[in-house]
1. Of all the residues that make up the range 36-73, how many are within 16 Å of residue 12 (Cβ to Cβ), in contact with a Leu (Cβ under 8 Å, 6 or more places away or on another chain) and crowded, with 21+ Cβ neighbours inside 10 Å?
2. Any residue at all in the range 8-30 that is over 27 Å from residue 221 (Cα atoms), surrounded by 15 or more Cβ atoms within 10 Å (Cβ to Cβ) and hydroxyl-bearing (Ser, Thr, Tyr)?
3. Quick one: would you say residue 33 is touching a strand residue (DSSP E or B) at 6+ places or on another chain (Cβ under 6 Å), more than 25 Å from residue 166 (Cβ to Cβ), surrounded by 15 or more Cβ atoms within 10 Å (Cβ to Cβ) and not assigned by TED's automatic domain parsing to the domain that holds residue 167?
4. Is it fair to say residue 117 is surrounded by fewer than 21 Cβ atoms within 10 Å (Cβ to Cβ) and within 14 Å of residue 17 (Cα to Cα)?
5. Output the number of the condition that residue 71 fails; it satisfies all remaining conditions of (1) in contact with a strand residue (DSSP E or B) (Cβ under 8 Å, 6 or more places away or on another chain); (2) outside any loop (DSSP other than H, G, I, E, B); (3) closer than 27 Å to residue 165 by Cβ.
6. Can you work out which of the residues in the range 120-164 that are among the aliphatic types (A, V, I, L, M) and assigned to a loop (DSSP other than H, G, I, E, B) is surrounded by the fewest Cβ atoms within 10 Å (Cβ to Cβ)?
7. Could you give every pair whose Cβ atoms fall below 8 Å, whose first residue belongs to the range 118-137 and is assigned by TED's automatic domain parsing to the domain that holds residue 169, and whose second residue is of a type in the set (Lys, Arg) and part of a loop (DSSP other than H, G, I, E, B), counting only separations of at least 6 or pairs across chains?
8. For the range 85-102, give me each residue that is of a type outside the set (Gly, Ala, Ser) and either assigned to a loop (DSSP other than H, G, I, E, B) or within 16 Å of the chain's Cα centre (by Cα) (or both).
Amino acid sequence: MKKRLLIIGASGHGKVALDATINQDKYEFVGWLDSNLVKGTNVLGYEILGKTKEVKELAITYNIDSYFIAISNNYVRKKVFEYVNKECPNLSFAKIIHPGSIIGLGSKIEAGSLILPGAIVGVSSIIKVGSILNSKATLEHDGVMNSWSSILPGVCTGGNIILGSLSYICIGSIISHNIKIGDNSVVGAGSVVLKDQPSNSLIMGTPAIVKRSRSEEENPF
């Protein structure tokens, strides 16, 4: 029997998470939670059941086993997880892997992560809790995405990279081999990263350099 699933967040990122869920065919999707949409709103044929703050009540009402947080902002996604895990510690935190992705031998993908179509998880790579590897993005062999990190569409990394917790590599960027990017940093779209980069930084350019510092709560987009 499939586990009954709620997805928190019904925006564009939620839609791609639902598409991956349906294609994965592991969960029975029940409906959405979204704090910005009216209850009863239809999104891709499924209703908004309520707001995130109602998760405990709604999980009981709809006999929910699992949930997934489809929020692209790393910091917000982490905070929502902390709230839901406190309210509903017995619910399973789903991981969603589109069957159109390629998962290398010996790789590890932890709970709450999302792997989208065309993505490649290289041999012996690790994707930690709550992370996103987006469409046609590559995490090459022995790479590590730390918790609550994101690699956006079309990114290409070399082997043995380490992406810090809460950090982003934005659309179309290239990361050379053996690069470490610190926590809570953003690599801007189209950048080429040839050397290690610090935490709490906005990094851009070809070759990429630090443009300024950034706070944990700052919206990256």
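1. Going through the range 36-73 one residue at a time, the tally reaches 2.
2. yes
3. Criteria not met by residue 33.
4. It is true that residue 117 is surrounded by fewer than 21 Cβ atoms within 10 Å (Cβ to Cβ) and within 14 Å of residue 17 (Cα to Cα).
5. Among (1) in contact with a strand residue (DSSP E or B) (Cβ under 8 Å, 6 or more places away or on another chain); (2) outside any loop (DSSP other than H, G, I, E, B); (3) closer than 27 Å to residue 165 by Cβ, the lone unmet condition for residue 71 is (2).
6. The selected residue is 123.
7. 118/136; 119/136
8. Within the range 85-102, 88, 89, 90, 91, 93, 95, 96, 97, 98, 99 meet the criteria.
The values are calculated or read from the model by the stated rules, or taken from the named source; none is laboratory data. Just so we're clear, the structure is a prediction, and the values are computed from it rather than from any experiment. Neighbour counts run over all protein chains shown; Cβ positions are idealised from the backbone, glycine included.
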